[in-house]
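Worksheet: one structure, shown below.
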Amino acid sequence: MNWRRALVAALFAAPVIGLFAWGMTRDPKYIPSPLPGREGPTFALEVFAPGVPPIARPAGDTISLAAFRGQIVVVNFWASWCLACRDEHADLSATALRYAGQPVQFVGVLYMDQIEPALRWITEMGGQTYPSVNDPRSRAAIDYGLYGVPETFILDAQGRVAHKQTGPISAGLLTHLVDSLLVAAGASDTAASAPTAGTVSP
């Protein structure tokens, strides 16, 4: 009888052990999202932190995500109370300035925060090169399925979410992703402009 009990216990324990073993292979920071590969939710929000030339936008201006179609867009959700946001701030600012003059847009979206402490935080952090918008009702955050901050979404030239980063994003990863999307966008433009079979280019 003892061996039967042991067998039954083993049969019940096997799935639990298997699930635990599978969980040990997963990144605990990884949170699945249905957005990658799909069109990124659009928003039109007011700028409260303008950034610096040549990528600045006036405070009070409205940034419409739909207006950036055809460009690579980096959307970073952040907050002044977010400790991890400090770890990526300098990399985001430097990378945004690096792509000035190219078809790349960086937009910060304030999450569950107030404008005054957010502006103080930007000053304390040495400034921010790209504009940030206020999301007072968290509509954009809800549309993007935000779990917390920081989270960064990178949209391709067709407006699709190409990558979602949970937690701080590094300059190296950000540059790699943006460069890859720029190359893909260039290849798409070349293919679209190439003459089709049976035509003669002028």
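The gain in end-to-end length when the residue 139 to residue 179 segment is fully stretched comes to 11.4 nm, 0.36 nm per residue minus the alpha carbon separation. Here each label is just a point 7 Å from Cα along the line to Cβ, and for residue 59 and residue 38 those points are 3.6 nm apart. Qualifying trypsin sites (Lys or Arg not before Pro) in segment 125-187, where qualification requires a DSSP coil assignment and no more than 15 other C-beta atoms within 10 Å, comprise 137.
Given a Förster radius of 45 Å and the C-beta distance between residue 52 and residue 147 as r, what FRET efficiency does 1/(1 + (r/R0)^6) yield to the nearest 0.05? The value I calculate is 0.90. With a sphere of radius 13 Å drawn around the Cβ of residue 159, what net charge do the other residues whose Cβ falls strictly inside it have (Lys, Arg +1; Asp, Glu -1)? Local charge sum for residue 159: +1. Each residue of segment 88-105 was assigned a 3J(HN,Hα) from its phi angle through the Karplus curve 6.51 cos²θ - 1.76 cosθ + 1.60 (θ = phi - 60°); the sequence is 10, 4, 5, 5, 5, 5, 5, 5, 4, 5, 4, 8, 4, x, 9, x, 9, 10 Hz, with glycine and proline shown as x. Could you work out how far apart the two model spin labels at residue 66 and residue 84 are, taking each label as a point 7 Å from the Cα in the direction of the beta carbon, and quote it in nm? Going by the 7 Å Cα→Cβ label model, 3.2 nm. Karplus-derived 3J(HN,Hα) values for segment 158-168, using 6.51 cos²θ - 1.76 cosθ + 1.60 with θ = phi - 60°, are 8, x, 8, 6, 8, 7, 10, 10, 9, x, x Hz; glycine and proline are entered as x.
Each reported figure results from applying straightforward, stated rules to the coordinates on display, with no laboratory input. Given the structure is predicted, the values throughout are model-derived calculations rather than measurements. Heads up, the Cβs are rebuilt from the backbone with ideal geometry, glycines too, and the neighbour counts pull from every protein chain shown.
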